[in-house]
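The values are calculated or read from the model by the stated rules, or taken from the named source; none is laboratory data. Source: prediction; values computed, not measured. Heads up, the Cβs are rebuilt from the backbone with ideal geometry, glycines too, and the neighbour counts pull from every protein chain shown. Protein only, heavy atoms only, side chains kept; ligands, DNA and RNA dropped before computing areas. Shrake-Rupley method; radii C 1.70, N 1.55, O 1.52, S 1.80 Å.
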Amino acid sequence: MAASLLRELNSLIGSSNVLHKIEDLVLYEYDGSVEKARPDVVVFPHTTEEVSRIVKLAAKYNVPVVGRGSGTGLSGGALARGGGIMIVFARMNRILELDLENARAVVQPGVVNLDITRAVEHAGLYFAPDPSSQKSCTIGGNVAENAGGPHTLAYGVTVNHVTALELVLPDGEIVRVGSKHGDTPGYDLCGLFVGSEGTLALVTEITVKLTRKAEAVKTLLAIFDTVDDASNTVAEITARGITPAACEMVDGWTLRAIEDYIHAGFPRDSAAILLIEVEGLREAVAAQATAVEDVCRTHHAREVRIAKDDAERDLLWKGRKNAFGALGRLAPSNYVLDGVIPRSKLPQALQQISLIGKKYGFSIGNIFHAGDGNLHPIVLYDPRDPRQFENAIAASREIIRYCVELGGALTGEHGVGMEKNELMPLLFSDADFDLMRRVHDACNPDSSLNPGKIFPLSKGCGEIRARKMAEALPAKV
Amino acid sequence: MTATANLATRLESVLGAHRVVASEAELCEYAIDSLLPGAIVRPATAQEAAEIVRFAITEKLAIVASGSRSKLHLGMPPARYDLALDTTAMHDLAHFDPADLTLSVGAGMPLRQLSKVLAEKGQFLPLAVPCYETSTVAGALASGIDSTLRKQYGTARDFLIGAEFVDGKGALCKSGGRVVKNVTGYDLHKLLIGSLGTLAVITRLNFRTFTLPQTHGGHLACFSNLEGASAYRDAIEKSGLALANLETLSPEMVALTATVLRETNAEFVGRLDPTQWCVYASFEGNEAVVPRIARDLQKLANEAAAADSEILDAASDAHLGGVLREAFDWLRWTSPSVALFRIALPQSNPGDLADLLCVAQESALRGALLVRAAAIIYFVMLAENEDESALRALENAAARVFSLAAAGQGYATILHAPSKLKSRVCVWGPKRADLGMMQRVKHSFDPHNIFAPGRFVGGI
């Protein structure tokens, strides 16, 4: 990095908002994925105008820029693949406006997801998208990745809850798209930018919809002696047209790890559990809970428990949302995959994942959003063993390919990032890429924003990716 | 040989004669504000649609795609209109996976026909749009027209999961997929919603479907003034009651609605008082939920001092709900000159509504309001003749409506207006700050500017 760029950054936002020493930068070279890439400098702007000036400076020095929230992403979206300037939004973390009357909040990108709910829950409102990392992930990151979570089954993902964005383009121009109401005549630009993984613009302000808390909620824990029974239950819940607010599955191997850590009350001797939540008006909830229980019993659930109070419900969800932390006790590292399948194909998909695990010598755990077919197989491995690492990558590739074969998709909520960009040709043709590239170039013509993400760098999917990842062994030991 | 006949002949050489029409009578059916296309093409496959687009690029022809043409007049008249691309021959049901609640359907599939297929499996697509009996699935989507089920099921962006289309380079493209959760690549299919055919020719759409509710209910509450109706509506919103639809009708709108209803349910019309503000709610669910919502609405109406309120019988509910769903269609023909606005304000307060009615009154026009779910306002101004003074009154009033919307940090568009008014007033309202970004998107999709040029926001 040019010394003059550092000087200019220091003078622009103050040296206390700039990191450039190696020992500082290493903290920003990884995220929640298995990828790794180090920025040349990390900056912490406080305002949109500062972001704009930083971006202009980057253009002047021809260095790339990547935005980052709290770095909990799972596809390398917030890693500086091309080096350059990393803009961390941690200090743009103010809630700018709460309009409770109209159920809207205007926030800066560095606001933590759960903090929005905390700020409005006194009025019976909350922010619906609830990724497992919601205690630490930021709304800016949620917008970039179009994050989901357990309750998106009923309420939709981030894009369904964003009505307006303020953006900074690579030339520093500040643009506002959408509106507070959300129904803006013209192209759905919010729909385009949410989920564009920071490759089109940097997001500096977000207007979100707030959701009214349901009148009633019931959380059911269904316990099964076989994974097949649990997955057939999910398929039938969908087929019967029951739409729970959440329908999560945890297999036995994973729930035992959770139980050792969280003590959530998951039975250690079961093969799988389903955590199913129904909510809405009292009468609807009662009927849905009965229907869900009926399906569970039809598929030989050993037991169906209904959380008797908020404390028990919270404990069940704590077990689900802290699962990845629990798995950290079992192996030096884990690789959380993210694939989507048509929901009716769940039983065969889980069988295939198990077979692929055996082929590569891994026990693959499953803890995932079963209701919308969003799989999260977890591969435990030791990154210090290059062979294990390569096998983990190969197994993951095989699983994602299988998802696509079943009519599914590469990613349901983690994003493509630099994890799956080489797998994109499994779904998209040259014409598809050409159009996506034209849209990309219309906003980010020099690829100065978050380069090396989403689009495949090579046509031969996989080989180059494996090499790059092996070079970037994670430091999570 | 005329230019039109020549164009048709050249198209026939590409597509075959059976896919091309150029008779004067049929061309008239595709007219947009008295503008006729040079020829009509009806591709039966996405590949044929792509061939047409490539032909248009080579020949520098402008294409306007349409389905049943019920909303062909939305937006500005196109600057050029060489080819009418009729999508109705692309009407296959490529996939319907009832167990997954997903479907993939050809652009030209009529909504009514699709609803029959889905209903056999106890499912439906919540696109309750006007002109429902004729609308095609892609037409409903590309028009961006409001569905009266929006309050419960959201807009198309909430359940469209993928699309296939021909871009402006003549290439077959796709976005999204056939699964209900997917963040693979850019969500380009969302851009097609409400784009009025200015980005691509839609050939297939993938949706998430929903289970048909066990039963429905309807409720009507009438108030002597706007404040009472608004207070009742606020109380409903705060109650958390799950409603499928919620609409407020101004007294003039009640009168207009009664006129239309008279044809289907004369007995019910007698119960509609055209001096009152009426709030109509519809809801659905199981046998326990529906009566409970009805009871709660009765209670809220009483607490808000409604002059009258009633739980509607199934026939009255179906008739009133159906007529309101079709409001966009029939409101256009309620007087010789009609300007129908759609206004989205971040907050809907009685003062804004009163201001709108004031605009009509001060312009010596009849004004009527239909406040729809999600704070979408349909505001219609009616002139009693088509002369210059009527046009001038509508023109001046339109400028004031756009100003009021802007002052309230919202947006107004004109859904319908006489052609002569559209030549004086841009239906999209004043220039917007995000126009540059929209132009970038347009150019990415349609670099040769062949898709409905000039029809969209800011002359796109």
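Along the charge dipole of chain B, which of B:23, B:398, B:81 sits closest to the positive end, that is, farthest toward it, with unit charges on the beta carbon of Lys, Arg, Asp and Glu (+1, +1, -1, -1)?
So the residue we want is B:81.
Calculated FRET efficiency, residue B:374 and residue A:6, Cβ-Cβ r, R0 35 Å, to nearest 0.05?
0.10
Roughly how many percent of the accessible protein surface of the stretch B:279-348 is carbon and sulfur, given a 1.4 Å probe and a whole-percent answer?
53
Pairs of alpha-carbon atoms within less than 8 angstrom and 6+ residues apart define the contacts here; what relative contact order does the stretch B:235-378 have, in percent?
32
Run the simple label-point estimate for residue A:318 and residue B:308 please: 7 Å along Cα→C-beta, distance reported in nm.
5.8
Return the whole-Å distance between the Cα centroid of the stretch B:23-68 and the Cα centroid of the stretch A:376-396.
The distance from the Cα centre of the stretch B:23-68 to that of the stretch A:376-396 comes to 54 Å.
From the P(r) of chain A, can you give the percent of Cα pairs sitting at distances over 31 Å?
Within chain A, distances greater than 31 Å cover 43 percent of Cα pairs.
Report, to two decimal places, the Cα Rg of the stretch A:76-123 normalised by 2.2 N^0.38 Å (N = number of residues).
Against the compact-globule rule of thumb, the ratio is 1.50.
Here is the link list: A:56/A:453; A:135/B:299; B:60/B:431. Which ones come out longer than 32 Å on Cα distance?
Table pairs above 32 Å Cα-Cα are A:135/B:299.
Quick check of the Kirkwood formula: for the stretch B:159-285, what is the inverse mean of 1/r over all pairs of different Cα atoms, in Å?
Mean inverse Cα-Cα distance, inverted, gives 18.3 Å.
Give me the accessible area per residue for the protein assembly as shown, probe 1.4 Å, as a whole number in Å².
Heavy-atom SASA per residue in the protein assembly as shown reads 35 Å².
Along the Cα→Cβ direction, 7 angstrom out, place labels at residue B:315 and residue A:351. What is the inter-label distance in nm?
5.4
Charges on Cβ only, +1 for Lys and Arg, -1 for Asp and Glu, centred on the Cα centroid of chain A; of A:190, A:323, A:63, which one is farthest towards the dipole's positive end?
Projecting each Cα onto the dipole axis, the largest value belongs to A:63.
On alpha carbon coordinates alone, what is the Rg over Rh value for the protein assembly as shown, Rh being the Kirkwood radius?
0.96
Taking accessible area as the heavy-atom solvent-accessible surface of the protein chains with a 1.4 Å probe, which residues of the stretch B:285-325 lose no less than 10 Å² upon going from the isolated chain to the full protein assembly?
B:286, B:288, B:289, B:292
By how many degrees, 0 to 90 and rounded to 10, does the Cα axis of helix A:346-360 deviate from the longest principal axis of chain A?
70
Summarise the accessible area of chain A (1.4 Å probe, protein heavy atoms) by the percent that is carbon and sulfur.
50
Just to be sure I understand the model, the point goes 7 Å from the Cα along the line to the Cβ. What's the resulting residue A:310 to residue B:364 distance in nm?
If labels sit at residue A:310 and residue B:364, their model points lie 6.3 nm apart.
Explain nothing, just the number: dipole magnitude of the protein assembly as shown about its Cα centre with +1 on each Lys and Arg Cβ and -1 on each Asp and Glu Cβ, in debye rounded to the nearest 20.
1760
Report, to the nearest 10°, how far helix A:3-13 tilts away from the longest principal axis of the Cα atoms in chain A, using its own Cα long axis and a range of 0 to 90°.
On a 0 to 90 degree scale, this one is about 70.
Can you compute the equivalent ellipsoid semi-axes for the stretch A:2-91, i.e. the square root of 5 times each eigenvalue of the Cα gyration tensor, sorted largest first and rounded to whole Å?
For the stretch A:2-91, the ellipsoid semi-axes come out as 20, 13, 12 Å.
So what is the calculated 222 nm ellipticity per residue for the protein assembly as shown, using -39500 (n - 2.57) for each DSSP H run with n of 4 or more, over all residues, to the nearest 500 deg cm²/dmol?
After summing the helix terms and dividing by residue count, I get -10500 deg cm²/dmol.
Could you give the length gained on full extension between residue A:135 and residue A:387, defined as 0.36 nm per residue of separation minus the Cα-Cα distance, in nm?
Once the chain is fully extended between residue A:135 and residue A:387, it gains 87.3 nm.
Using only protein heavy atoms and a 1.4 Å probe, how much accessible area in total is buried between B and A, to the nearest 100 Å²?
Result for this pair: about 5800 Å² buried.
Which of the listed residues, A:4, A:43, A:339, is farthest toward the dipole's positive end in chain A, when Lys, Arg count +1 and Asp, Glu count -1 at the beta-carbon?
A:4
In debye to the nearest 20, how big a dipole does chain B give about its Cα centre with +1 on each Lys and Arg Cβ and -1 on each Asp and Glu Cβ?
Here chain B has a charge dipole of around 1360 debye.
So what does the Cα-only Debye profile of the stretch A:272-400 read at q = 0.15, 0.16, 0.19, 0.21 Å⁻¹, as log10 I(q)/I(0), no solvent term?
Log-scaled intensity ratios, in q order: -0.84, -0.92, -1.15, -1.28.
Net charge near residue A:260: determine it from the other residues with C-beta under 9 Å of the C-beta of residue A:260, scoring Lys and Arg +1 and Asp and Glu -1.
+2
Go through the stretch A:345-451 and name the trypsin sites (Lys or Arg not before Pro) that are in a DSSP coil and have 13 or fewer other Cβ atoms within 10 Å of their Cβ.
A:384
Going 7 Å from the Cα of residue B:227 in the Cα-to-Cβ direction, what parts of the stretch B:344-370 have a backbone nitrogen less than 17 Å from that spot?
Within reach of a label on residue B:227, which here means backbone N under 17 Å from a point 7 Å along Cα→Cβ, the stretch B:344-370 contributes B:349-355.
Name the residues of the stretch B:131-179 whose accessible area, probed at 1.4 Å, falls by at least 30 Å² once all protein chains are in place instead of their chain on its own?
Hits at the 30 Å² cut-off: B:157, B:158, B:169, B:173, B:174, B:179.
If you build the Cα gyration tensor of the stretch A:185-300 and take the root of 5 times each eigenvalue, what three semi-axes come out, in whole angstrom, biggest first?
34, 21, 15
Which loop-located chymotrypsin sites (Phe, Trp or Tyr not before Pro) does the stretch B:251-348 contain, where loop means any DSSP state but H, G, I, E or B and the Cβ has at most 16 other Cβ atoms within 10 Å?
When the chymotrypsin sites (Phe, Trp or Tyr not before Pro) of the stretch B:251-348 are filtered for loop state and at most 16 Cβ neighbours within 10 Å, B:333 remain.
From a point 7 Å beyond the Cα of residue A:56 in the direction of its Cβ, which residues of the stretch A:9-26 have a backbone N at a distance under 18 Å?
Under 18 Å, as judged by backbone N against the label point of residue A:56, lie A:9-14 of the stretch A:9-26.
Just how large is the dipole of the stretch B:1-159 about the Cα centre, in debye to the nearest 20, putting +1 at every Lys and Arg Cβ and -1 at every Asp and Glu Cβ?
Dipole size: approximately 280 debye.
What percent of all Cα-Cα pairs in chain B falls in each 20 Å bin, counting up from 0?
Per 20 Å bin, starting at zero, the Cα-Cα P(r) for chain B comes out as 24, 55, 20, 1 percent.
Using a Förster distance of 41 angstrom, determine the FRET efficiency expected from the C-beta separation of residue A:99 and residue B:79, and round it to 0.05.
Efficiency, from the Cβ-Cβ distance: 0.55.
Go ahead and run the numbers for FRET between residue B:409 and residue B:443, Cβ-Cβ distance against an R0 of 25 Å, rounding to 0.05.
After rounding, the FRET efficiency stands at 0.30.
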